[in-house]
Amino acid sequence: MAPQRPMPRLDAAKLRENALTSIRLGVEDFERCRHPGGDPARALSAIRNLFAGVLLLFKYKIATCVDDPADADALIFNPPEVLPHSDGDGGIEWVPVGKFKSTTIDVVTIQKRFEAFEIDVDWAVIEKLQACRNHLEHLHPAHTLGEVADFVAELFPVLRDFIQTELEESPAAILGDAWQLMLLHHNFFVDTTKRCEDAWSDACVPEGMEPWLEESKCPECGSTLLAPAQESLDAGDTVEHNDDRFKATCIACGYTALIAPLMVDALQQAHSYDPRDGDEPTLEDCNQCGRGAFLIHEQSCLWCSAELEYTECKICEESLGQDDQDNGGLCSYHAYSYEKFMRED
Ligand SMILES: [Zn+2]
Ligand SMILES: [Zn+2]
Ligand SMILES: [Zn+2]
């Protein structure tokens, strides 16, 4: 038998210290990249440090859930692989092979450990942070500065609740200045979001498109802090009827762009599909208003609220689409059969 390696050991106090250091560094990087004239290359470093710090803090929590340090190690390090072995009698046994690895658990496993110990975290935010880090690795950081700023703001309440509720500590006490900066940034973000929302209420955004306005991002920096352009409001334009000229201004970077394509983009991204996987489209251009906002399954347009006159085939009850409307309430198959029947008659 191979000599057994001792199980790697972790030091919970060290884990906590590293977590806090990483978060402080992340906030410092963020401060250096977000101001005009700042260094955009720091954006990636900010997200990397924040993400790493949050995961370390989570691992620290897991390590402190059990009394025995050996149990803590078993929870934090990746367990040995379990492989099938013949039991020599036509059956199999599943046996762990080797020892615990020297690598520690990833996000998915942390999530499982949290479930086991009933630790609550807003995983949607953590997964967004992870996705942001992954795609930042491939993009020019300047194009995602606004997106990074959004994430730092969104991370704030997650971190606050976790430190207060799960660690029973005070975030201000353990993170110092970094915490004050996050707090200021978070408050700025919340205030600005609210002010943007109020301003849009004068712009007559089609009701069905409102959620997609919230999802719209600045094409230049990725921020969601978009306000209606003052010139569009002053001209008395509405998004609903003047989408060919209604503009939005990014509060984070000052870039101005037409708002309608950004909203339709956000909608289309949520409905993206891959025909190679046999997926069917769920969104198409509306025959009434021409915008790419017609939901096929809902049989209605998010932009102009157009609905279908005939929603299902009178004979087979199959649901109908925009293209079937000329068939007088029949699906294409039954419309064809009916026509053929009439001709033969
Ligand atoms: Zn921007
Ligand atoms: Zn429409
Ligand atoms: Zn039919």
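Taking the condition closer than 28 Å to Thr224 by Cβ and part of a helix (DSSP H, G or I), does Val121 pass? Against the criterion (closer than 28 Å to Thr224 by Cβ and part of a helix (DSSP H, G or I)), Val121 does not qualify. Of the numbered criteria (1) at pLDDT below 95; (2) within 25 Å of Ser201 (Cβ to Cβ); (3) among the polar types (S, T, N, Q), the one Asn242 fails is (1). Can you name the residue in segment 56-113 that is among the polar types (S, T, N, Q) and part of a strand (DSSP E or B) and is also modelled with the lowest pLDDT among such residues? If we take residues in segment 56-113 being among the polar types (S, T, N, Q) and part of a strand (DSSP E or B), then Thr104 is modelled with the lowest pLDDT.
Mind listing just one residue for me: the one in segment 309-331 that is of a type in the set (S, T, N, Q) and either within 16 Å of ligand 2 (Cβ to nearest atom) or within 39 Å of the chain's Cα centre (by Cα) (or both) and, of those, farthest from Thr282 (Cα to Cα)? Let's see the steps before the verdict.
Applying the first criterion (of a type in the set (S, T, N, Q)) to segment 309-331 yields 311, 319, 322, 325, 327.
Next, only the ones that are either within 16 Å of ligand 2 (Cβ to nearest atom) or within 39 Å of the chain's Cα centre (by Cα) (or both) stay: 311, 319, 322, 325.
Working: Thr311: 16, Ser319: 13, Gln322: 13, Gln325: 18 Å.
Only one residue fits best here, namely Gln325.
Applying a threshold of 8 Å to beta carbon distances and a minimum spacing of six or more residues, or different chains, the list of pairs starting in segment 302-317 at a residue that is within 21 Å of Gly208 (Cβ to Cβ) and outside the structural domain of Tyr338 (by TED's automatic domain parsing) and ending at one that is of a type in the set (A, V, I, L, M) and more than 16 Å from ligand 1 (Cβ to nearest atom) is empty. Of all residues in segment 257-291, those being more than 9 Å from ligand 2 (Cβ to nearest atom) and either acidic (Asp, Glu) or assigned to a loop (DSSP other than H, G, I, E, B) (or both) number 12. Please work out if Glu298 is farther than 26 Å from Thr192 by Cβ, surrounded by fewer than 14 Cβ atoms within 10 Å (Cβ to Cβ), within 11 Å of ligand 2 (Cβ to nearest atom) and not small (Gly, Ala, Ser). Criteria not met by Glu298.
Hey, does segment 280-287 have a residue that's within 16 Å of ligand 1 (Cβ to nearest atom), closer than 22 Å to Pro219 by Cβ and outside the structural domain of Gly38 (by TED's automatic domain parsing)? Don't jump to the end; show me each part of the working.
Looking only at segment 280-287, we keep the residues that are within 16 Å of ligand 1 (Cβ to nearest atom), and these are none.
So far as segment 280-287 goes, no, none of its residues is within 16 Å of ligand 1 (Cβ to nearest atom), closer than 22 Å to Pro219 by Cβ and outside the structural domain of Gly38 (by TED's automatic domain parsing).
I'd like to verify a number: residues in segment 114-172 that are within 19 Å of Asp39 (Cα to Cα) and hydroxyl-bearing (Ser, Thr, Tyr), how many? Here the count works out to 1. Of the helices (runs of 4 or more DSSP H) lying entirely inside segment 140-250, those carrying at least 3 residues that are crowded, with 22+ Cβ neighbours inside 10 Å and not aliphatic (A, V, I, L, M) are 145-161.
Does Trp123 satisfy being surrounded by fewer than 17 Cβ atoms within 10 Å (Cβ to Cβ), modelled with pLDDT of 85 or more, within 29 Å of Thr193 (Cβ to Cβ) and aromatic (Phe, Trp, Tyr)?
Details: surrounded by fewer than 17 Cβ atoms within 10 Å (Cβ to Cβ): yes; modelled with pLDDT of 85 or more: yes; within 29 Å of Thr193 (Cβ to Cβ): yes; aromatic (Phe, Trp, Tyr): yes.
When the stated conditions are applied, Trp123 passes them.
Take segment 36-60 and flag every residue that is within 13 Å of Leu10 (Cα to Cα) and buried (at least 22 other Cβ atoms within 10 Å of the Cβ). Lys59, Tyr60 - these are the residues of segment 36-60 that are within 13 Å of Leu10 (Cα to Cα) and buried (at least 22 other Cβ atoms within 10 Å of the Cβ). Is it the case that segment 62-69 has a residue that's touching an Asp or Glu at 6+ places or on another chain (Cβ under 9 Å), free of Cβ contacts under 8 Å to residues at least 60 places away in the same chain and of a type outside the set (A, V, I, L, M, F, W, C)? No - not one qualifying residue is present in segment 62-69. The test for being without any contact (Cβ under 8 Å) to a residue 12 or more places away in the chain, away from ligand 1 (no atom under 16 Å from the Cβ) and within 30 Å of Phe189 (Cβ to Cβ) holds for Ala124.
The values are calculated or read from the model by the stated rules, or taken from the named source; none is laboratory data. No experiment lies behind these values; they were computed from the predicted model shown. Glycine gets a Cβ as well: all are built from the backbone with ideal geometry, and neighbour counts include every protein chain shown.
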